[in-house]
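Asker: Here you go, one structure.
The values are calculated or read from the model by the stated rules, or taken from the named source; none is laboratory data. For clarity, every value in this text was computed on a predicted model and none was experimentally measured. Because the Cβ atoms are built from the backbone with ideal geometry, glycine has one as well, and the counts that use them run over all protein chains shown.
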Amino acid sequence: MELNVLLRKSPVTWLRSVIIEKTLTVPVRKSIQLLTVVRSLGIADSLDDHERSKLAIFNQLCFFQLLTGTILPLFALMERGHLAMDHLLLACLPASVSLIVLVLNARKKYESAFYAYFLLYPLFICIVYLNRVDLGIELYFVLCGILSVFFLQNTGKMVFAISFSMISYFALFLVRRQSEFPPQPIDNTVYLLNEILGIVYIFYALFLIMRENAGYQFRLLQKNRNLHEKNLEIERQQNVIAEKAILLEEQHAEMQELDKLKNKLFSIVSHDLKAPMFALRNLFQQLGAQGVSGKELQELVPSIVNDLNYSTALVENLLEWAKSQMESSGVYPKHLELNRIIDETVELLMPQIRNKQITLVRRVDTALYAFADENMVRLVIRNILSNAIKFTPEKGEIIVGANDMFTSVEIYIKDSGKGISREEMQKINKSIFYSTHGTKNESGTGLGLMLCKEFLHKNESRLLIESEPGCGSTFSFALKSSWSDE
């Protein structure tokens with residue numbers, strides 16, 4: 001495996017590989033490559049990052065023990081010139097354990113490798129010393145105990161490995177003290193190097209373990225941070241979904257209400273609008289077929305005019321309602337001369353006022369200006385005044401007034417009609433679709449007040465109603481003054 005491929009994990013490791021290739025000699029680069037290959041023995045995709053790091057450390061320590069366990073006895077053989085073959089084999093016996101472990105790890109038999117190391121290594125050291133060969137590797141018992149704490153996950157196995165290593169060490173110590181012929185070093189230099197290397201391996205193993213634990217904790221913190229961020233993102237998405245679900249429910253409820261209103265409007269159109277049209281048709285058919293005297297025609301005119309007034313108001317309200325429901329329909333406020341709008345609306349409805357002999361009183365301040373949508377304001381005033389005419393008895397009184405309130409302009413229409421009951425007032429406040437007949441049996445659709453409330457809301461106002469049954473009603477609203485807008 002190429003070195004630059006093995007180290008290709010980040011820009012830092014890539015730069016380090018480039019420096020190694022450019023600055024180090026070939027033997028050193030080969031040694032690093034060999035160590036990299038040894039550390040990667042047995043690493044599989046099924047292992048997580050922590051298990052891979054632990055396996056790499058275990059392979060590295062076993063590799064170092066294999067090297068020192070074979071090189072140092074060969075060094076003693078070369079130094080002394082003669083060394084019994086049985087002593088040489090005994091000296092290399094602990095190193096064979098490291099070789100067995102590396103082979104087992106390479107074949108992905110991790111559990112067998114751990115058993116081999118923590119059972120055979122202390123056992124083979126005891127065999128070496130019992131055969132009176134002192135290699136100076138007593139500290140390897142301590143190394144086995146330290147490594148068992150890090151590598152063995154099962155608590156029982158870990159306690160057994162530590163106990164077996166320590167018992168072996170103390171048993172060997174007692175045997176050495178009581179033996180008449182204690183083990184002798186095969187070579188003083190090898191003995192000293194093994195003692196030094198034992199200390200080095202212990203501290204090196206502690207360093208690797210500490211570094212791996214720190215890295216593992218850092219990776220856990222990073223994963224927890226990432227998990228926390230993902231949870232926050234999921235929570236935000238859930239909140240968005242919940243908000244959208246609520247919005248969908250509201251839209252569904254609104255659609256249901258609009259559907260009910262649509263059905264009601266269709267019912268009105270099919271019944272109330274059809275009736276006056278049929279009456280006119282029948283009248284003209286009768287005129288064409290047999291003729292009608294002037295007196296009879298004069299008697300029919302008020303009824304026909306009443307039906308036509310109702311039909312005209314109905315059609316206009318229907319058109320305005322349809323327009324208000326269109327997404328492209330907006331509010332177009334401008335400076336309005338309220339005196340002119342009120343006068344024109346009164347003149348438009350004057351035939352109905354005269355028909356019921358109603359006294360109309362104007363109490364409008366001169367030069368009143370507002371800032372609102374003109375068509376909407378006209379419809380609101382016309383509907384309120386039409387309702388006042390409808391529910392005011394003959395020879396009653398209607399007051400149309402407007403007052404300058406500095407920052408706003410108040411418009412009110414007061415009638416002396418039959419008033420509004422508490423039940424009817426609740427329906428109006430809840431925007432429930434309903435209608436009642438006037439004092440001369442005038443029909444209504446119930447759509448007018450709904451449009452008034454909707455249009456006033458779009459112009460930043462609201463409809464106020466004061467009424468008592470039998471005492472008349474007062475409808476009022478306020479518009480933003482044209483001067484306050486400037």
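Asker: Which condition from (1) in a helix (DSSP H, G or I); (2) among the β-branched types (Val, Ile, Thr); (3) touching a residue at least 60 places away in the same chain (Cβ under 8 Å) is the one that ILE137 breaks?
Answerer: (1)
Asker: Taking segment 386-426, which residues are β-branched (Val, Ile, Thr) and closer than 16 Å to ALA367 by Cα?
Answerer: Kept after step one, since they are β-branched (Val, Ile, Thr), are these residues of segment 386-426: 389, 392, 398-400, 407, 409, 411, 413, 420.
Residues satisfying the conditions are VAL400, THR407, VAL409, ILE411.
Asker: Among the residues in segment 102-111, are any surrounded by fewer than 20 Cβ atoms within 10 Å (Cβ to Cβ), in a helix (DSSP H, G or I) and among the β-branched types (Val, Ile, Thr)?
Answerer: Yes; the residues of segment 102-111 include at least one that is surrounded by fewer than 20 Cβ atoms within 10 Å (Cβ to Cβ), in a helix (DSSP H, G or I) and among the β-branched types (Val, Ile, Thr).
Asker: Scan segment 402-424 residue by residue and report those that are surrounded by fewer than 19 Cβ atoms within 10 Å (Cβ to Cβ) and either under 50 Å from the mean Cα position of the chain (by Cα) or among the β-branched types (Val, Ile, Thr) (or both).
Answerer: In the first step, residues of segment 402-424 are kept if they are surrounded by fewer than 19 Cβ atoms within 10 Å (Cβ to Cβ); the result is 403-408, 410, 412, 419, 421-424.
Within segment 402-424, MET405, PHE406, THR407, SER408, GLU410, TYR412, SER421, ARG422, GLU423, GLU424 meet the criteria.
Asker: Next question, about the same structure. Got a number for residues in segment 33-61 being under 16 Å from ILE209 (Cβ atoms) and either free of Cβ contacts under 8 Å to residues at least 24 places away in the same chain or not β-branched (Val, Ile, Thr) (or both)? Step through it out loud before you land on a result.
Answerer: So the first thing to find is which residues in segment 33-61 are under 16 Å from ILE209 (Cβ atoms), and the list is 39, 49-61.
With the extra rule that they be either free of Cβ contacts under 8 Å to residues at least 24 places away in the same chain or not β-branched (Val, Ile, Thr) (or both), the set shrinks to 39, 49-56, 58-61.
Counting residues in segment 33-61 that are under 16 Å from ILE209 (Cβ atoms) and either free of Cβ contacts under 8 Å to residues at least 24 places away in the same chain or not β-branched (Val, Ile, Thr) (or both) gives 13.
Asker: If I ask for residues that are hydroxyl-bearing (Ser, Thr, Tyr) and free of Cβ contacts under 8 Å to residues at least 24 places away in the same chain, which ones from segment 110-134 would you list?
Answerer: Step one: of segment 110-134, the residues hydroxyl-bearing (Ser, Thr, Tyr) are 110, 112, 115, 117, 121, 129.
Residues satisfying the conditions are SER112, TYR115.
Asker: Any chance you could count how many residues in segment 321-333 are surrounded by fewer than 13 Cβ atoms within 10 Å (Cβ to Cβ) and either at pLDDT 90 or above or part of a loop (DSSP other than H, G, I, E, B) (or both)?
Answerer: Number satisfying all stated conditions: 6.
Asker: Here's another thing I want to ask about it. For THR392, indicate whether it is under 24 Å from ASN459 (Cα atoms) and of a type in the set (Ser, Thr, Tyr).
Answerer: Working: under 24 Å from ASN459 (Cα atoms): no; of a type in the set (Ser, Thr, Tyr): yes.
Considered against the rule, which asks whether it is under 24 Å from ASN459 (Cα atoms) and of a type in the set (Ser, Thr, Tyr), THR392 comes out as no.
Asker: Could you list all residues from segment 348-373 that are under 59 Å from the mean Cα position of the chain (by Cα) and more than 14 Å from ILE411 (Cα to Cα)?
Answerer: Of everything in segment 348-373, those that are under 59 Å from the mean Cα position of the chain (by Cα) and more than 14 Å from ILE411 (Cα to Cα) turn out to be LEU348, LEU349, ASP373.
Asker: Yes or no: GLN256 more than 26 Å from the chain's Cα centre (by Cα) and exposed (fewer than 11 other Cβ atoms within 10 Å of the Cβ)? Spell out the reasoning first.
Answerer: On the way: more than 26 Å from the chain's Cα centre (by Cα): yes; exposed (fewer than 11 other Cβ atoms within 10 Å of the Cβ): yes.
Criteria met by GLN256.
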